[in-house]
Amino acid sequence: VVSTLLGLGVIRGDHDLFLGMAGMHGYYSANQAIQQCDVLFNFGSRFDDRLTGDLEVFAKGAKVVHVDIDPAELGKNVKTEVPIVADAKMALEALLKEEVQTKDTTPWVQHVQQMRKDYPLWYTEQEDGTMLPQQALEMIHEITKGDAIVTTDVGQHQMWAAQYYKLNNPNHWVTSGGLGTMGFGFPAAIGAQIAKPDARVISIVGDAGFQMTAQELSLLQEFRYPVKVIILNNNSLGMVRQWQEIFYEERYSESLVQVQPDFVKLAEAYNIPGYRVDTVEEARKVFEETLTNDEPVLIDCRVRQLEKVYPMVAPGAGLDDMIGVKRL
């Protein structure tokens, strides 16, 4: 099983058969499974460009079975041998009722699982103690045990959250796909908290996108919604900066933020506890103190500015042509 960005949570993130998110910043094992499979079942994905990469080389050896409630999606981007107009849940239930004779898939499962072990996500810890966003997300996952509702804005932090926060439950991942709306994550977290008052809701945001809707801190104070706002603060428009570094020879244009507010003081202005953390040790202490209580909080996590989201499929490349892949 692989997932799109918006499909995360349909299967437990630690399930033996889950290979991770596929696409531009997907897992190597997930992308290779798509490229090497002989039959590809698609339930509800629209085969957008961030998933497929170069359509000319996408899953060339596979027969495609596409189930979608919208007939316009069938065959729109990818040649589909078996188009099925149906609700995904009803189609899956119908499949489960059928008795099907299948070949032994043990060698295939072992193959893709070995790829997942050989080519995991990776990062390089900083000798000067600078915190990395991946480390912050690993701690958040560990402390919340993967049970939180997680919302995000759009950009690097969104991709890191998709990679490193392994969800246990469906309908616990709220992120902006398609248009990719900066400023989405924090108001979405408030909406999730209203809908699920007893749930742990964590909003992972970037320092730039958060400023677009930061005034909604007033709602946390007024209604005492226990939303946890965690800013992965790299003083930049991170994904724009990454593309400018990799594809435009480090010609940075308006992506390195020169001025930003003191987020701790901003939180305190709304009478909400605010913390700034600069190291892994500081972050762990604050996360353990605040992520499991029933009070709102804002945590400004200062992370390495030039850290990049890897692996990555460059625009126009195929899924099996990833940069930033490292064999364990």
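The values are calculated or read from the model by the stated rules, or taken from the named source; none is laboratory data. These numbers come from a predicted model, not from an experiment. Cβ placement follows ideal geometry from the backbone for every residue including glycine, while neighbour counts extend to all protein chains displayed. Remember, those area values only see protein heavy atoms, side chains included, never the ligands or the DNA or RNA. Shrake-Rupley method; radii C 1.70, N 1.55, O 1.52, S 1.80 Å.
Below, the figures for the structure above:
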{"read-out": "Charge dipole of the chain about the Cα centre (unit charges at C-beta), most positive-ward option of Leu95, Ala269, Ala30", "value": "Leu95"}
{"read-out": "Within straight-line cross-link reach of Lys63, aspartates and glutamates at Cα separation under 15 Å, skipping those fewer than 8 residues along the same chain", "value": "Asp38, Glu81"}
{"read-out": "Efficiency of FRET from Cβ geometry, Leu306 and Thr105, R₀ 45 Å, rounded to 0.05", "value": "0.60"}
{"read-out": "Test item: Cα-centred dipole of region 193-266, Lys/Arg +1 and Asp/Glu -1 on Cβ, debye", "value": "340 debye"}
{"read-out": "Solvent-accessible surface ranking, highest first, for His111, His66 at 1.4 angstrom", "value": "His111, His66"}
{"read-out": "For the chain, alpha-carbon Rg over 2.2 N^0.38 Å", "value": "1.03"}
{"read-out": "Most to least accessible of Trp173, Trp108, Trp243 (protein chains only, probe 1.4 Å)", "value": "Trp108, Trp243, Trp173"}
{"read-out": "Largest-first ordering by accessible area, 1.4 Å probe, given options Arg284, Arg302, Arg241, Arg50", "value": "Arg50, Arg284, Arg302, Arg241"}
{"read-out": "Relative contact order (%) - criterion: Cα under 8 Å, at least six apart; region: region 277-328", "value": "28 percent"}
{"read-out": "Accessible area of region 124-257 belonging to carbon and sulfur atoms, whole % at 1.4 Å probe", "value": "52 percent"}
{"read-out": "Net length gained if the chain between Glu295 and Lys265 were fully extended (0.36 nm per residue, minus Cα distance)", "value": "9.1 nm"}
{"read-out": "Spatial separation of Cα centroids for region 70-121 and region 175-208, in angstrom", "value": "30 Å"}
{"read-out": "Convex hull projection area averaged over all views, region 64-166, Cα basis, nm²", "value": "10.9 nm²"}
{"read-out": "Those GluC sites (Glu not before Pro) in region 59-156 that DSSP places in a loop and that have at most 14 other beta carbons within 10 Å", "value": "Glu81, Glu98, Glu99, Glu125, Glu127"}
{"read-out": "Whole-number percent relative contact order across the chain, with pairs defined as alpha carbons under 8 Å at least 6 apart", "value": "20 percent"}
{"read-out": "Length gained when the stretch Lys117-Leu328 is fully extended (0.36 nm per residue, less Cα-Cα span)", "value": "75.2 nm"}
{"read-out": "GNM flexibility winner over the chain from Val303, Val39, Val259 (Cα, springs under 10 Å)", "value": "Val259"}
{"read-out": "Carbon + sulfur, % of accessible area of region 1-43 - ligands and nucleic acids excluded, 1.4 Å", "value": "58 percent"}
{"read-out": "Gained length - Trp243 relative to Glu98, 0.36 nm times residue gap less alpha-carbon distance", "value": "47.5 nm"}
{"read-out": "Dipole axis of the chain (+1 Lys, Arg; -1 Asp, Glu on Cβ), positive-most option in Val297, Gln260, Ser3", "value": "Ser3"}
{"read-out": "Dipole of the chain, positive end: most advanced residue of Ala136, Thr52, Val64 [Cβ charges, Cα centre]", "value": "Val64"}
{"read-out": "Dipole in debye (nearest 20) - region 112-159, about Cα centre, beta carbon charges: Lys, Arg +1; Asp, Glu -1", "value": "280 debye"}
{"read-out": "Greater than 32 Å apart at Cα, pairs in Lys60/Lys326; Lys285/Lys308; Lys228/Lys308; Lys60/Lys145; Lys60/Lys97", "value": "Lys60/Lys145"}
{"read-out": "Relative compactness, region 217-328, computed as alpha-carbon Rg over 2.2 N^0.38 Å", "value": "1.35"}
{"read-out": "Accessible area of Leu17 in the full protein assembly, 1.4 Å probe (Å², nearest 10)", "value": "90 Å²"}
{"read-out": "Percent RCO, i.e. relative contact order, over region 163-292, from Cα pairs under 8 Å lying at least 6 residues apart", "value": "18 percent"}
{"read-out": "Near-label residues of region 147-191 by backbone N, under 16 Å of a point 7 Å along Cα→Cβ of Asn77", "value": "176-180"}
{"read-out": "Ala314 versus Glu250: modelled label distance in nm, points set 7 Å from Cα along the beta carbon direction", "value": "1.8 nm"}
{"read-out": "Residues of the chain: accessible area per residue with a 1.4 Å probe, Å²", "value": "50 Å²"}
{"read-out": "Net dipole in debye of the chain [+1 Lys, Arg Cβ; -1 Asp, Glu Cβ; about Cα centre; nearest 20]", "value": "360 debye"}
{"read-out": "Solvent accessible area, Å² - Tyr123, 1.4 Å probe, full protein context", "value": "60 Å²"}
